[in-house]
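Chemist: Mind having a look at this structure? Questions to follow.
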């Protein structure tokens, strides 16, 4: 991909979709720099956008004038978080290694977009783990963003970093694009700390009124789901995208024979569960009355299929008397069969809920 115009400087932005990354793109575009934005996705953040990529790209372009592209990093990211060099945060979140990983990937993509440097929406001191001054230097170093590309580079000894943070640049040493005159440092900013006042004021200046509220975004920072993911990693040597997506939806059960049952709680989750079924799974649904859809994975005992059918029945629609009745459950896998499901009481169900 080539930049627009022979003499136009091009930058590649790491784009989260939040206000900070939007502003970083706007600040550079205001200097006449062509900005392309890459949004990395994985099962832990923004994976759902892959299903509507064209719609998302059009939405961001029309709303903010930013050319954004999605890049699926799932396979490598799943491996990275197993043993991050810089450790985890409060939960299962490898925030420093995550940023190093993404900046490194973006650096590899620069030639594709004709970019001279990278930009992010990072703000000094905004996040306690990944946006401290010392950590920002580590990210530059370990991503190879010195002009020499060396992980051992000393800041500015080789002409400065190619990683520019427009929102807090005046709090940091000048980067290579600033030193070379590609970017006017005087038109960059000195935001810092956890307050959002500066960003909100800047958004007003750029006429941005519709932007997402600040949020964690990454499931690895969620206290409940991250605990489930961490335990899953400890129990499984091979972890797939499908496993992780299944782990984060619906009701979860572990069955005595080794089966893992994932059950939708509503129509939206039923659709997700159905989309995650693989040829090695068993897909279950009540044949007549309304109820949940479920997938059974990793089953080693046939008794698990009957138990799964009982659990699916237990969450089916009640009869006119407010009771759950037994029902026929269609079980579709490498072979298709119908089982009678028998509802279980709440205490019995609790025995199988995944902790």
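Chemist: Checking residue 297 against (1) buried (at least 21 other Cβ atoms within 10 Å of the Cβ); (2) in contact with a strand residue (DSSP E or B) (Cβ under 6 Å, 6 or more places away or on another chain), which test does it fail?
Modeler: (1) is the only condition that residue 297 fails.
Chemist: Right, another one. Residues in segment 316-348 that are more than 15 Å from residue 287 (Cβ to Cβ) and in contact with a strand residue (DSSP E or B) (Cβ under 8 Å, 6 or more places away or on another chain): how many?
Modeler: Here the count works out to 1.
Chemist: Go through segment 125-150 residue by residue and tally those that are under 10 Å from residue 99 (Cβ atoms), modelled with pLDDT of 90 or more and in a loop (DSSP other than H, G, I, E, B).
Modeler: Residues meeting the conditions: 1.
Chemist: Now for a separate question. What number of residues in segment 154-170 are over 30 Å from the mean Cα position of the chain (by Cα) and modelled with pLDDT of 95 or more?
Modeler: So the count comes out to 0.
Chemist: Another question, then. Taking the condition assigned to a loop (DSSP other than H, G, I, E, B) and either modelled with pLDDT under 95 or at negative phi (or both), does residue 173 pass?
Modeler: Numbers: assigned to a loop (DSSP other than H, G, I, E, B): yes; either modelled with pLDDT under 95 or at negative phi (or both): yes.
Yes; evaluated as a whole, the condition is true for this residue.
Chemist: Could you check how many residues of segment 6-18 are in a loop (DSSP other than H, G, I, E, B), at pLDDT 95 or above and closer than 21 Å to residue 99 by Cβ?
Modeler: Looking only at segment 6-18, we keep the residues that are in a loop (DSSP other than H, G, I, E, B), and these are 6-9, 15-18.
Filter once more, so that each one left must be at pLDDT 95 or above: 9, 15.
After this cut, where a residue has to be closer than 21 Å to residue 99 by Cβ as well, the list is 15.
Of the residues in that region, 1 qualify.
Chemist: Sticking with this one: Within segment 19-41, work out how many residues are assigned to a helix (DSSP H, G or I), surrounded by fewer than 22 Cβ atoms within 10 Å (Cβ to Cβ) and in contact (Cβ under 8 Å) with a residue 60 or more places away in the chain. Break it down into steps so the answer makes sense when it comes.
Modeler: Going through segment 19-41, the residues assigned to a helix (DSSP H, G or I) turn out to be 19-29.
So of that shortlist, the ones also surrounded by fewer than 22 Cβ atoms within 10 Å (Cβ to Cβ) come out as 19, 26, 29.
Filter once more, so that each one left must be in contact (Cβ under 8 Å) with a residue 60 or more places away in the chain: 19, 26.
Residues in segment 19-41 being assigned to a helix (DSSP H, G or I), surrounded by fewer than 22 Cβ atoms within 10 Å (Cβ to Cβ) and in contact (Cβ under 8 Å) with a residue 60 or more places away in the chain: 2 in total.
Chemist: So, residue 3, is that one farther than 26 Å from residue 134 by Cα, assigned to a loop (DSSP other than H, G, I, E, B) and modelled with pLDDT under 95 or not? Step through it out loud before you land on a result.
Modeler: Numbers: farther than 26 Å from residue 134 by Cα: yes; assigned to a loop (DSSP other than H, G, I, E, B): yes; modelled with pLDDT under 95: yes.
Yes: the conditions hold for residue 3.
Chemist: Spot the failing condition for residue 21; the list is (1) farther than 17 Å from residue 119 by Cα; (2) under 18 Å from the mean Cα position of the chain (by Cα), and only one is missed.
Modeler: Every listed condition holds for residue 21 apart from (1).
Chemist: Return the residues of segment 95-121 that are in contact with a helix residue (DSSP H, G or I) (Cβ under 7 Å, 6 or more places away or on another chain), touching a residue at least 60 places away in the same chain (Cβ under 8 Å) and either part of a loop (DSSP other than H, G, I, E, B) or crowded, with 23+ Cβ neighbours inside 10 Å (or both); say none if nothing qualifies. Write out each step before concluding.
Modeler: In the first step, residues of segment 95-121 are kept if they are in contact with a helix residue (DSSP H, G or I) (Cβ under 7 Å, 6 or more places away or on another chain); the result is 96-97, 99-101, 103, 116-121.
Still in the running and touching a residue at least 60 places away in the same chain (Cβ under 8 Å): 103, 116-121.
Across segment 95-121, the qualifying residues are 116, 117, 118, 119, 120, 121.
Chemist: Can you work out which of the residues in segment 176-200 that are touching a helix residue (DSSP H, G or I) at 6+ places or on another chain (Cβ under 6 Å), surrounded by 14 or more Cβ atoms within 10 Å (Cβ to Cβ) and part of a loop (DSSP other than H, G, I, E, B) is modelled with the lowest pLDDT? Reasoning before the result, please.
Modeler: Within segment 176-200, the first condition is being touching a helix residue (DSSP H, G or I) at 6+ places or on another chain (Cβ under 6 Å), and the residues that meet it are 178, 183, 185, 188, 190-192, 199.
From the residues that got through so far, the ones that are surrounded by 14 or more Cβ atoms within 10 Å (Cβ to Cβ) too are 178, 183, 185, 188, 191-192, 199.
Adding the requirement that they be part of a loop (DSSP other than H, G, I, E, B) leaves 183, 188, 191.
Details: 183: 97, 188: 98, 191: 94.
Among those residues, the one meeting the criterion is 191.
The values are calculated or read from the model by the stated rules, or taken from the named source; none is laboratory data. Keep in mind it's a predicted model, so treat the numbers as computed, not measured. Reconstructed Cβ throughout: ideal geometry from the backbone, glycine too, with neighbour counts over all protein chains shown.
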